[in-house]
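Written below as structure tokens is the structure these notes are about.
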Amino acid sequence: MAKNIQSLERAAAMLRLLAGGERRLGLSDIASSLGLAKGTAHGILRTLQAEGFVEQEAASGRYQLGAELLRLGNSYLDVHELRARALVWTDDLARSSGESVHLGVLHQRGVLIVHHVFRPDDSRQVLEVGAMQPLHSTALGKVLSAYDPVAHSEVLEVEREAFTPRTTTALTDFESLLDMTRARGWAADVEETWEGVASVAAPIHDRRRMPVGAVAVTGAVERLCPAGELRPELVASVRDCARAVSRDLGAGRF
């Protein structure tokens, strides 16, 4: 039988310790509870902190579980329950808007498309489930970056590539876009990722009121922005869909 890797066992024990009892623990408490030398415990904590699984409070120096661990721990439930709860609502949104609908979640510093409803016409379309989209330029990505602290920190670390002349890449301008997204509750992408394509997205929250994904309508810019601006009724429909899925996930009213 293969031997277990001691360092991984110690890291797992450390995470279990931080998950129970006191919310925050100091280095000495952690080392003592696990029977480790302080240097060994500190090395494991530093690695877990670098990966986002552990956070250190600046004032006290104590450690607690990080946001990345929370996201990973709930990712399976969130993605599968999210898709199941969204099926009816996204179908309705595609039918009422006449456009494609995408459901996206944060994954590997990008947006993973977990559900795609085709535009309800006879045109040839390609299923995009499993495709990745950038965080900084797409409507889905902006919504996740605005509402999810993990996505926000990740989008600041990635290269914000200019896909078109309309793409926002400067940090201050991008942060202003996120502020506007939070203020109005939705995000837009009008030819910022693909020429001729526009999109509008809104956030989806779960029973813990945590952002678990976003829903978007995507289509030709001339259909979504016939007068140069996104159609108001389209924005309202996307937000209504996001609220409906959130309610089905137990989030209550937003």
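The values are calculated or read from the model by the stated rules, or taken from the named source; none is laboratory data. For clarity, every value in this text was computed on a predicted model and none was experimentally measured. Every residue, glycine as well, gets a Cβ built from its backbone with ideal geometry; the counts of neighbours run over all protein chains shown. Ligands, DNA and RNA are stripped out before the accessible areas are found, and what is left, the full protein with its side chains, is counted by its heavy atoms. Shrake-Rupley method; radii C 1.70, N 1.55, O 1.52, S 1.80 Å.
A few notes on this one:
Each row is one residue, and each column tells you yes or no for (1) in contact (Cβ under 8 Å) with a residue 24 or more places away in the chain; (2) aromatic (F, W, Y).
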{"residue": "L8", "(1), (2)": "no, no"}
{"residue": "H42", "(1), (2)": "no, no"}
{"residue": "V54", "(1), (2)": "yes, no"}
{"residue": "Y63", "(1), (2)": "yes, yes"}
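- Residues of the range 167-192 that turn out to be in contact with a strand residue (DSSP E or B) (Cβ under 7 Å, 6 or more places away or on another chain) and either in a loop (DSSP other than H, G, I, E, B) or within 20 Å of Q108 (Cα to Cα) (or both), as a count: 3
- Taken as a whole, the range 121-129 holds no residue that is under 22 Å from the mean Cα position of the chain (by Cα) and touching a residue at least 40 places away in the same chain (Cβ under 8 Å).
- Selection of the range 85-111 for residues being part of a strand (DSSP E or B) and within 21 Å of A198 (Cβ to Cβ) yields S100, V101, H102, L103, G104, G110, V111.
- Considered as a group, the residues in the range 206-224 that are surrounded by 24 or more Cβ atoms within 10 Å (Cβ to Cβ) and among the small types (G, A, S) include one that is farthest from the chain's Cα centre (by Cα), and that residue is A216.
- With respect to being closer than 24 Å to P232 by Cα, under 14 Å from the mean Cα position of the chain (by Cα) and in contact (Cβ under 8 Å) with a residue 60 or more places away in the chain, P203 fits the description.
- Breaking point among (1) more than 17 Å from the chain's Cα centre (by Cα); (2) at pLDDT 90 or above, for L65: (2)
- The residues of the range 197-254 that are in contact with a Leu (Cβ under 7 Å, 6 or more places away or on another chain), more than 19 Å from A84 (Cα to Cα) and of a type outside the set (A, V, I, L, M), listed by number, are R231, S237.
- Filter result (of a type in the set (S, T, N, Q), open to solvent by 70 Å² or more (accessible area, probe 1.4 Å) and under 22 Å from S237 (Cα atoms)) within the range 152-200: none
- Residue within the range 112-131 that is part of a helix (DSSP H, G or I), in contact with a strand residue (DSSP E or B) (Cβ under 7 Å, 6 or more places away or on another chain) and surrounded by 14 or more Cβ atoms within 10 Å (Cβ to Cβ) present: no
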